[in-house]
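Heads up: the structure comes next, in structure tokens.
The values are calculated or read from the model by the stated rules, or taken from the named source; none is laboratory data. Values in this document were obtained by computation on a predicted structure and should not be read as measured data. Counting neighbours? That spans all protein chains shown, and the Cβs are built from the backbone with ideal geometry, glycine included.
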């Protein structure tokens, strides 16, 4: 049995509950990028996580191209915040692309099962609504081409470029608190004083630019 290790690398920090294409909070990718908490970014980061882990296991002569046709819907009644986004239906198409210089370490069936197992808890009635198909092709020219962008990843308007490799700037949005920011950037509300002290504990107002210091 093949298991794809650590596929669930996307952590969603939800700071409120709301239905629709966007909900308050952030999506933090496995690369540490902070994105708007919306359906398109959740789909894209889910695809990216699957692709990276599969590519690692397939070997250096194979890579994946993955599409997920549907967007997720946020379940405001979901108790587990890490799985608040759900797919009513998920149609996933995987193409394994080889350069002709070596065999893939995983078969098509093994890839299909790994992705099916990963997506199973994220889809409503997955036995009926989760469809995963895998094909493979040897095409050196296609293998060498960069992947077509999944979509334009929407970065939140609340973030700007970092000022140093470890220090960020952040634009305050309505409802933000120091505890919220600590949770979003450090993974815990307990470090809110670090952000407060770095900004002289000023009152947070929308549109204000503050400094996010390195994680203590």
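Residues in the range 50-66 that are assigned to a helix (DSSP H, G or I), touching a helix residue (DSSP H, G or I) at 6+ places or on another chain (Cβ under 9 Å) and surrounded by fewer than 20 Cβ atoms within 10 Å (Cβ to Cβ): 57 only. Kindly indicate whether residue 170 is modelled with pLDDT under 90 and in contact with a helix residue (DSSP H, G or I) (Cβ under 6 Å, 6 or more places away or on another chain). Spelling it out, it is not the case that residue 170 is modelled with pLDDT under 90 and in contact with a helix residue (DSSP H, G or I) (Cβ under 6 Å, 6 or more places away or on another chain).
Scan the range 183-195 and give yes if some residue there is assigned by TED's automatic domain parsing to the domain that holds residue 61, under 27 Å from residue 33 (Cβ atoms), at pLDDT 80 or above and not in a loop (DSSP other than H, G, I, E, B), otherwise no. No, the conditions are met nowhere in the range 183-195.
When residues in the range 113-125 are screened for being under 14 Å from residue 86 (Cβ atoms) and either without any contact (Cβ under 8 Å) to a residue 24 or more places away in the chain or not in a helix (DSSP H, G or I) (or both), 4 of them pass. Restricting 148, 177 to those that are out of contact with any strand residue (DSSP E or B) (no Cβ under 9 Å at 6 or more places or on another chain) and either at pLDDT 80 or above or surrounded by fewer than 11 Cβ atoms within 10 Å (Cβ to Cβ) (or both) reduces the list to 177.
Would you please name the residue that is farthest from residue 175 (Cα to Cα), looking only at residues in the range 196-209 that are in a loop (DSSP other than H, G, I, E, B) and over 29 Å from the mean Cα position of the chain (by Cα)? Even if it seems obvious, please write down each step before you answer.
As a first pass, look at the range 196-209 and keep what is in a loop (DSSP other than H, G, I, E, B): 199-208.
In the following step, the residues that additionally are over 29 Å from the mean Cα position of the chain (by Cα) were identified as 199-203.
Values: 199: 18, 200: 19, 201: 16, 202: 15, 203: 12 Å.
My answer is 200.
Annotation note: Cβ proximity below 9 Å between a residue of the range 35-49 that is outside the structural domain of residue 94 (by TED's automatic domain parsing) and surrounded by fewer than 20 Cβ atoms within 10 Å (Cβ to Cβ) and a residue that is at pLDDT 85 or above and not in a helix (DSSP H, G or I) (sequence gap 6+ or interchain) occurs for no pair.
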